[in-house]
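The values are calculated or read from the model by the stated rules, or taken from the named source; none is laboratory data. What you are looking at is a predicted structure, and each value in this text was computed from that prediction instead of being measured. Note: ideal-geometry Cβ built from the backbone for every residue, glycine included; neighbour counts use all protein chains shown. Protein only, heavy atoms only, side chains kept; ligands, DNA and RNA dropped before computing areas. Shrake-Rupley method; radii C 1.70, N 1.55, O 1.52, S 1.80 Å.
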Amino acid sequence: TNMLPFSTVICLVVLFVVNQNRGAVGMYKDALGMWYQDRFKPVCISIVNLILTIVSAALGYFNGVILATVIAYLFVGTPWEVGVFYQNYMEEKPYKYYLKMLYYFTVDAITIVVTYLVCVCIPLQGVIGIIVKLIICVTVPNLIFVLMFLPLPEFKMIFKRKKVNEKN
């Protein structure tokens, strides 16, 4: 078969999650026009990424090439962006943000593992198997997200805003 190894799929999923989590702060930072304070970040990320990619490629470790980008984003890009944003705009320390991101990452990891384990237990194959697994992949993560995010104030705020909008 012409499929990627499972370890590569996991690396790509981690890259996707890390990249998406960086987007929230980046969006606010860009909307506030904080480009000058951020001007050296792409160069630093690229240097770290390039060095780690060359080392990984020289060792013949394909997944290392993907993980080089993850490491550059996690240990250079994210702290840089969060630092610039909190230093220039927010009036609090960024540790709350990092704790929140750790919680989100943990929920993501739990969701991915549980959904995968449920799908692996389904012995169906073919079109029926794909349809059943698709239903599982849509239902299970959303149930976990509701259960894990229900106690959070951000989640409760959604319902408060809806009630305010309904009155208008």
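Express the relative contact order of the chain as a whole percentage, based on alpha carbon pairs under 8 Å and six or more residues apart in sequence.
Numbers: 89 pairs, mean separation 31.3, N = 168.
Rounded, it is 19 percent for the chain.
Let me spell out the model: positive unit charges on the Cβ of Lys and Arg, negative unit charges on the Cβ of Asp and Glu, origin at the Cα centre of the chain. What dipole size does that give, in debye rounded to 20?
500
With runs of 4+ DSSP H residues as the only contributors, calculate the mean residue ellipticity of the chain at 222 nm using -39,500 (n - 2.57) per run, divided by the residue total and rounded to the nearest 500.
Numbers: 7 runs with 131 residues, N = 168.
Value at 222 nm, helices only, nearest 500: -26500 deg cm²/dmol.
Determine the order of TYR98, TYR86, TYR73 by accessible area, beginning with the largest, at a probe radius of 1.4 Å.
On the way: TYR98 95, TYR86 25, TYR73 50 Å².
Per-residue accessible area, sorted high to low, gives TYR98, TYR73, TYR86.
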> Can you put GLU91, GLU154 in order of accessible area, largest first, using a 1.4 Å probe?
Replying inline: GLU91, GLU154
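Projected area of segment 27-161, taken from the Cα convex hull and averaged over every viewing direction, in nm²?
Numbers: hull surface 49.2 nm².
Computing the convex hull of the Cα atoms and averaging its projections yields 12.3 nm².
Could you put ASP108, ASP38 in order of accessible surface area, largest first, with the 1.4 Å probe and the full protein assembly present?
Details: ASP108 40, ASP38 15 Å².
Largest to smallest exposure gives the sequence ASP108, ASP38.
Roll a 1.4 Å probe over the protein chains and send me the accessible area per residue for segment 20-168 in Å².
On the way: 10520 Å² over 149 residues.
With all protein chains present, segment 20-168 gives 71 Å² per residue.
Name the trypsin sites (Lys or Arg not before Pro) in segment 65-151 that are in a loop by DSSP and that have at most 13 other C-beta atoms within 10 Å, would you?
On the way: sites: LYS96, LYS100, LYS133; in loops: none.
Answer in residue order: no site qualifies.
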> Using the membrane-span-like helix rule (whole DSSP H runs, Cα extent along the own axis of at least 30 Å, mean Kyte-Doolittle hydropathy at least 1.0), which helices of the chain qualify?
Replying inline: 95-120, 126-149
